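Structure, as structure tokens:
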Amino acid sequence: MGEVRNKQVTLRNYVTGFPEESDFNIVESKISLELPEGSNDVLIKNLYLSCDPYMRGPMTKSEATQSKGSLSYTPASPIAGYGVAKVIESGDPKYKKGDYVWGFTKWEEYSLVKAAQLVTKIEHSDVPLSYYTGILGMPGMTAYAGFFEIGSPKKGETVFVSAASGAVGQLVGQFAKLTGCYVVGSAGTKEKVLL
């Protein structure tokens, strides 16, 4: 298969304030579509990338985000997050060419990842694959586990949702309404509230 171009979204420099388009670059590199011999990695083509609130922290240079074990982006390197991808080649027997997967990847067309970064092999593709970046991905799983497994409110109870306009909070509010709860939500600004 040989080498192909690989467009990447990189952090231009650490961000202060709110991220803006000028804080990022789109660059091209080359990647081989063949795994190195004996590799246990998985080569994927990224189809959908999730842009989540937690990604803001690693864009800032601070002691908290630079501590060992914390996710931190490096200027001039691709940023990373959760995404949906198709397996191109696999050195891991759990994944085969053509499988759809959801997991932690870089913001680039193709990524070579450790199999451990792939959270799930997508078995049900009868819904749009983009759903795995939202309701069926990290925000949805967080909302579901927090509401049903930890909170487990009953019909008729009042549920308060902080950050109700966020990726997780808006799902918790919907789960609560579907359960028959009275829902009260808060948001940071009036602009985030739909009446």
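As a summary of the residue check, Y54 satisfies the conditions (1) crowded, with 18+ Cβ neighbours inside 10 Å; (2) at pLDDT below 90 except for the one numbered (1).
Of the residues A143, A167, the single one that is part of a loop (DSSP other than H, G, I, E, B) and among the small types (G, A, S) is A167. Of the residues S22, S39, the single one that is hydroxyl-bearing (S, T, Y), assigned to a loop (DSSP other than H, G, I, E, B) and surrounded by fewer than 17 Cβ atoms within 10 Å (Cβ to Cβ) is S39.
Based on what the data block shows, is V168 under 12 Å from the mean Cα position of the chain (by Cα) and not acidic (D, E)?
Values: under 12 Å from the mean Cα position of the chain (by Cα): no; not acidic (D, E): yes.
Considered against the rule, which asks whether it is under 12 Å from the mean Cα position of the chain (by Cα) and not acidic (D, E), V168 comes out as no.
Residues that are under 22 Å from the mean Cα position of the chain (by Cα) and surrounded by 12 or more Cβ atoms within 10 Å (Cβ to Cβ) within the stretch 25-36 comprise N25, V27, listed in sequence order.
Determine if the stretch 148-158 includes at least one residue that is assigned to a strand (DSSP E or B) and over 30 Å from V27 (Cβ atoms). Within the stretch 148-158, one or more residues are assigned to a strand (DSSP E or B) and over 30 Å from V27 (Cβ atoms). Answer yes or no as to whether V168 is among the hydrophobic types (A, V, I, L, M, F, W, C), closer than 27 Å to T189 by Cβ, modelled with pLDDT of 90 or more and touching a Pro at 6+ places or on another chain (Cβ under 6 Å). Considered against the rule, which asks whether it is among the hydrophobic types (A, V, I, L, M, F, W, C), closer than 27 Å to T189 by Cβ, modelled with pLDDT of 90 or more and touching a Pro at 6+ places or on another chain (Cβ under 6 Å), V168 comes out as yes. Scanning the stretch 171-192 for residues that are among the β-branched types (V, I, T), outside any helix (DSSP H, G or I) and under 24 Å from the mean Cα position of the chain (by Cα) yields a total of 0.
Restricting attention to the stretch 121-161 and to residues that are of a type in the set (S, T, Y) and within 21 Å of the chain's Cα centre (by Cα), the residue that is surrounded by the fewest Cβ atoms within 10 Å (Cβ to Cβ) turns out to be S125. Residues in the stretch 162-183 that are surrounded by fewer than 17 Cβ atoms within 10 Å (Cβ to Cβ) and either under 21 Å from P53 (Cβ atoms) or hydroxyl-bearing (S, T, Y) (or both): S162, A163, Q174, Y182. Restricting attention to the stretch 1-19 and to residues that are of a type outside the set (S, T, Y) and assigned to a strand (DSSP E or B), the residue that is farthest from G81 (Cα to Cα) turns out to be E3.
Would you be able to say whether some residue in the stretch 5-18 is surrounded by fewer than 17 Cβ atoms within 10 Å (Cβ to Cβ) and within 17 Å of the chain's Cα centre (by Cα)? Scanning the stretch 5-18, I find at least one residue that is surrounded by fewer than 17 Cβ atoms within 10 Å (Cβ to Cβ) and within 17 Å of the chain's Cα centre (by Cα), so the answer is yes.
One residue stands out among those in the stretch 99-132 that are of a type in the set (F, W, Y) and at pLDDT 95 or above: the one that is nearest to V87 (Cα to Cα), which is Y100.
The values are calculated or read from the model by the stated rules, or taken from the named source; none is laboratory data. What you see is a predicted model; the values in this text were computed from it and never measured. Note that we place each Cβ from the backbone using ideal geometry, even for glycine, and neighbour counts take in every protein chain shown.
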